[in-house]
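Worksheet: the structure to be examined is printed underneath.
Read-outs: derived from the displayed coordinates by stated rules, not from any lab. All figures in this text were calculated on a predicted structure; none of them were measured in a lab. No Cβ is skipped: glycine too gets one built from the backbone with ideal geometry, and neighbour counts run over all protein chains shown.
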Amino acid sequence: MSSALTMVQEQLDEARRLMNLPDDVYEVLKYPRRVIQVSIPVKMDDGSMKTFIGYRSQHTEVLGPCKGGIRFHPDVTQEEVMALSMWMTFKCGVVGLPYGGGKGGVICNPRKMSQGELERLSRGYIQALARNLGPDQDIPAPDVYTNSKIMAWMTDEYAKSRAGINHFGVITGKPLVIGGSAGRDTATAQGCVFTIRDAASKLGIPLEKSTCVIQGFGNAGCNVAVLLDEWDVTIQAVSDSSGAIYAEKGLDVPALIRHKEETGSVLGFAGAEEISNEQLLALECTVLVPAALENQITEDNAHEIKAKIVAEAANGPTTPEADEILEERGIVVIPDILANAGGVVVSYYEWVQNQMGYYWTAEEVADKLQTTMEQAFERTWSMKEDQSVSLRMAAYLVSLERLTEALELRSWL
Ligand code: GLU
């Protein structure tokens with residue numbers, strides 16, 4: 001199994017070779033500039049003290065402050081957070097945001113923690129890292145198993161660490177009343193479905209009456225299901241960490257969301273049969289959306305994939321070996337750094353609104369997101385055609401052009 005760090009380094013190296021980039025660019029970008037490890041002692045509800053390990057990785061500041069989410073997950077590792085911060089740099093580069101990549105993580109199982117314990121953990125993470133964060137330094141956001149409520153605690157803790165001054169621009173993905181942006185909660189999925197629509201149109205695949213399979217039913221996966229369902233795409237299968245379900249005629253998405261809210265899982269949904277994760281990935285469908293974790297489509301199962309388009313709502317779901325197999329088989333992969341960039345795009349709008357102290361309407365945000373995603377897609381697609389490379393490599397090339405220019409202008413090479 002490839003580690004996420006090896007994956008991103010291999011991708012960067014391949015892009016360097018394709019682009020004939022100076023070796024120095026690869027040398028400067030192949031590791032994060034800074035990785036901070038913190039220990040967070042948390043008073044648990046039973047009165048005991050438990051220390052959690054957390055990380056924040058800051059890849060590069062060459063384009064601006066670092067930007068990227070914080071995940072709470074039992075499998076978080078330092079290397080994973082490093083890789084995710086690197087993907088954030090390339091993601092911001094593709095959509096033209098003035099940021100470098102950052103990413104944080106805490107090793108914990110949030111589903112086994114009470115709200116009080118989660119609040120103390122979130123506040124402890126910020127206490128330990130406050131001096132390394134800031135609207136001009138490094139700006140966290142939600143990621144796997146974190147949400148706007150956690151961002152609210154973190155923003156409040158940051159204000160406390162700065163003598164009570166509200167720096168709303170330090171964190172994005174906040175609730176609306178305390179400096180959040182309209183449209184941030186659905187932005188990752190919204191951006192993803194724009195890229196699916198654009199890829200389908202380039203490939204001459206009609207989306208109406210097409211079928212979609214989604215691995216992962218968190219913020220990204222669930223909202224992709226809602227949006228594609230509205231476009232008359234049949235959502236045939238979805239999964240979450242407890243298992244996967246399938247219905248040939250399609251799942252009733254609003255009813256499924258209610259079922260998940262009531263029971264905590266997609267399993268047991270009326271009219272759907274239970275399938276395995278392997279079966280889900282191998283289903284015949286128009287679009288497969290991996291929206292869970294890294295390392296899902298590998299050399300072991302890439303031969304089984306039958307989708308026409310794979311849209312990576314998750315970060316790093318496809319290994320480089322699997323990428324090669326999918327490419328040979330003519331399956332188009334919309335890479336994570338483009339497909340899931342909508343989240344950080346609206347995070348950027350949130351940060352801009354925080355700096356201005358003036359807030360846009362949902363329509364204004366939606367229009368801007370659409371324009372940004374369409375332009376990024378078009379630019380990446382032209383790069384793919386001009387250079388005869390995969391869409392992933394094209395996205396890297398678009399991003400690396402900007403990064404290289406900035407590195408040269410700042411004499412960092
Ligand atoms: N965690 C999201 C991502 O991986 C969003 C990051 C952000 O909004 O800063 O892109």
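In terms of overall dimensions, the stretch 1-153 has a Cα radius of gyration and Dmax of 16.4, 58 angstrom.
Summarising the label geometry, the points placed 7 Å from Cα in the beta-carbon direction at SER276 and LEU409 lie 5.2 nm from one another.
Spin-label model, SER114 to LYS50: label points 7 Å out along the Cα-to-beta-carbon direction sit 1.2 nm apart. Using alpha carbon centroids, what distance separates the stretch 340-383 and the stretch 150-187, in Å? Here the answer is 18 Å between Cα centres. Ellipticity at 222 nm from helices only: DSSP H runs of n ≥ 4 in the chain, each -39500 (n - 2.57), divided by the residue count, give -14500 deg cm²/dmol.
Packing-based ranking of 404-412, 35-43, 377-385 yields 377-385, 35-43, 404-412, ordered from highest to lowest mean Cβ neighbour count within 10 Å. The spread of Cα positions in the stretch 366-413, taken along each principal axis and listed from longest to shortest, comes to 36, 29, 13 Å.
Starting from the eigenvalues of the Cα gyration tensor, five times each then square-rooted, give me the equivalent ellipsoid semi-axes of the stretch 135-244, largest first, whole Å. Mind dumping the intermediate values first?
Details: eigenvalues 244, 48, 21 Å².
Equivalent ellipsoid of the stretch 135-244: 35, 15, 10 Å, largest first.
Between the alpha-carbon centres of the stretch 212-243 and the stretch 65-130 there is a gap of 24 Å. Among TYR358, TYR145, TYR158, sorting on how many other beta-carbon atoms sit within 10 Å of each Cβ, with the fewest leading, yields TYR358, TYR145, TYR158. Can you work out the FRET efficiency for the pair GLN387 and GLU304, with r the C-beta to C-beta distance and R0 = 25 Å, to the nearest 0.05? It comes out at approximately 0.30.
Direction-averaged shadow area of the convex hull around the Cα atoms of the chain, nm²?
Taking a quarter of the hull surface, the average projection is 19.3 nm².
The listed peptides 183-189, 332-338, ordered by packing as a protection proxy, come out as 332-338, 183-189 (highest mean of other Cβ atoms within 10 Å first). Between ALA130 and LEU267, the contour length at 0.36 nm per residue exceeds the alpha carbon distance by 45.3 nm. FRET efficiency for the ALA362 to GLU27 pair, using the beta carbon distance and R₀ = 51 Å, is estimated at 0.70.
The mean sequence separation of alpha-carbon pairs under 8 Å and at least six residues apart, normalised by the residue count of the chain, gives a relative contact order of 17 percent. Once the C-beta distance of ASN20 and THR371 is scaled by a Förster radius of 22 Å, the resulting FRET efficiency is 0.10 to the nearest 0.05.
Projecting the Cα atoms of THR380, THR319, ALA362 onto the dipole axis of the stretch 289-413, where Lys and Arg carry +1 and Asp and Glu carry -1 at the beta carbon, places ALA362 farthest toward the positive end.
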